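Next up is a structure, given as structure tokens.
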Amino acid sequence: MDLGNSAEDRERAILSFYKMAHVNWTSPLTCTLKGDPAIGDGVTRHFFSTIMSKLQYGFDIQFAPGGTLLFEGEKDHLIPSTSHFLLESDFFLVAGRMIGHSFLHGGPCLGGLSPAILHVLFGGSPEEAIIDLKDCADLEIRETIKLLDGEAELSSEEKDTINALAMSWDFPRVTSENRRWLFDKLLFHAVLGRTCRQVHQLRRGLKDTQIWPFLKERTDTVPLLFPRISDIQFTAQIILDKINWPTHDDEEDMEVSLEDTCRVSGFLRTFIENASSKLLEKLVQFWVGWNVLPRYFDVEVIESSYPKSSTCFHTLKLPRHYTEYSIFKTDITAAISTVDTGFGMI
């Protein structure tokens, strides 16, 4: 990836790579960041973190007036976008390849998909899928369908709203006799009926990466590939428990004093203890190259101007000069914000 290019140009390069046919996605991957001195495994981790972030939160390229999100809705209820442009351009095939490729290399996964979508993706009968009203990503459609849930008498205006939706999807008008049936049919179509081709493309993309036989044989790995967002929240204690704090076994050989080391390390601990889950995720990504927790983190206090990381060695390098927490917090936050552009580019 050329970091001198715009964010949109980098996205086009990534999409072109994953649109290539007949690629052996199980092969070893070497990544280079043009315009950044970083090399090694940390660059590969940055690459996978970038592509999975695009799938999770959207692309910068304005592909269509409807937006750039491939998966829409609430966390743990995400469904594929119904954008005709994204479907016809095979973006869900690309998404499947990205997800499988990242999984093969131990990288980040796509979290928060609707259980109903996952049920169908892995061969379950659509009619047997358990669909939650929250799975309907379009809030206007959801509110219309919700009117049918219950036994309260519908007003003329509510009936008109329901009938307009039902008739646009070739369903009959609402009556007292078909009310519950219509609720189920409209919800099914909103969640699974309009996304069946997208799910088919996603499955094809996963199969292209050759992980499909493994997933079918080991269904217990599916939650690892598509975790619930509520199950992957970063907490301060999880990160603190994995940190190897700097020590001064032989202080005469150390370039930084014990006092400076303890003070700056304390600032980092305070920052972690007070950061949000989202900020902690960004910190981990800055620290090791992606938002997957490693077995350990290392911390060094050094002579430097700004915080930086050696992602290949899981090492966060903090300048010794901080004497006020407010300045440390400002600089570490600025450093974390560079994860989308590269390493050391503040």
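The values are calculated or read from the model by the stated rules, or taken from the named source; none is laboratory data. The shown structure was predicted, so the numbers you read here are calculated from the model rather than taken from an experiment. When we count neighbours, we look across all protein chains shown, and the Cβ atoms used for this are built from the backbone with ideal geometry, even at glycine.
A quick yes/no check of all residues on (1) in contact with a helix residue (DSSP H, G or I) (Cβ under 7 Å, 6 or more places away or on another chain); (2) surrounded by fewer than 16 Cβ atoms within 10 Å (Cβ to Cβ):
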residue	(1), (2)
173	yes, yes
193	no, yes
209	yes, no
232	no, no
247	no, yes
271	yes, no
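Return yes or no: is residue 261 loosely packed, with under 14 Cβ neighbours inside 10 Å, over 24 Å from residue 108 (Cα atoms) and of a type outside the set (A, V, I, L, M)?
Considered against the rule, which asks whether it is loosely packed, with under 14 Cβ neighbours inside 10 Å, over 24 Å from residue 108 (Cα atoms) and of a type outside the set (A, V, I, L, M), residue 261 comes out as no.
If you check 223, 294, 246, which single one turns out to be assigned to a loop (DSSP other than H, G, I, E, B), within 25 Å of the chain's Cα centre (by Cα) and either of a type outside the set (S, T, N, Q) or under 18 Å from residue 53 (Cβ atoms) (or both)?
Within the list 223, 294, 246, the selection yields 294.
Hey, does the stretch 149-157 have a residue that's surrounded by 19 or more Cβ atoms within 10 Å (Cβ to Cβ) and either modelled with pLDDT of 95 or more or in contact with a strand residue (DSSP E or B) (Cβ under 8 Å, 6 or more places away or on another chain) (or both)?
Within the stretch 149-157, not a single residue is surrounded by 19 or more Cβ atoms within 10 Å (Cβ to Cβ) and either modelled with pLDDT of 95 or more or in contact with a strand residue (DSSP E or B) (Cβ under 8 Å, 6 or more places away or on another chain) (or both).
For the structure I just gave you, tell me whether residue 132 is in contact with a Pro (Cβ under 9 Å, 6 or more places away or on another chain), surrounded by 13 or more Cβ atoms within 10 Å (Cβ to Cβ) and either touching a residue at least 60 places away in the same chain (Cβ under 8 Å) or within 30 Å of residue 221 (Cβ to Cβ) (or both).
yes
Scanning the stretch 75-117 for residues that are farther than 27 Å from residue 289 by Cβ and acidic (Asp, Glu), which turns out surrounded by the most Cβ atoms within 10 Å (Cβ to Cβ)?
Per the stated criteria, the residue is 90.
Another question, if that's okay. Just need a number here: residues in the stretch 287-311 that are among the aromatic types (Phe, Trp, Tyr), at pLDDT 90 or above and buried (at least 16 other Cβ atoms within 10 Å of the Cβ).
Qualifying residue count for the region: 2.
Additional query: Could you list, in sequence order, the residues of the stretch 46-74 that are outside any helix (DSSP H, G or I) and either modelled with pLDDT of 90 or more or surrounded by 23 or more Cβ atoms within 10 Å (Cβ to Cβ) (or both)?
Selection gives 70, 71, 72, 73, 74.
For the stretch 1-38, how many residues are farther than 23 Å from residue 206 by Cβ, part of a loop (DSSP other than H, G, I, E, B) and in contact (Cβ under 8 Å) with a residue 40 or more places away in the chain?
Total satisfying the criteria: 7.
Next question, about the same structure. Residue 261 - would you say it is in a helix (DSSP H, G or I), closer than 30 Å to residue 141 by Cβ, out of contact with any Leu (no Cβ under 7 Å at 6 or more places or on another chain) and in contact (Cβ under 8 Å) with a residue 24 or more places away in the chain?
So residue 261 does not fit the description; no.
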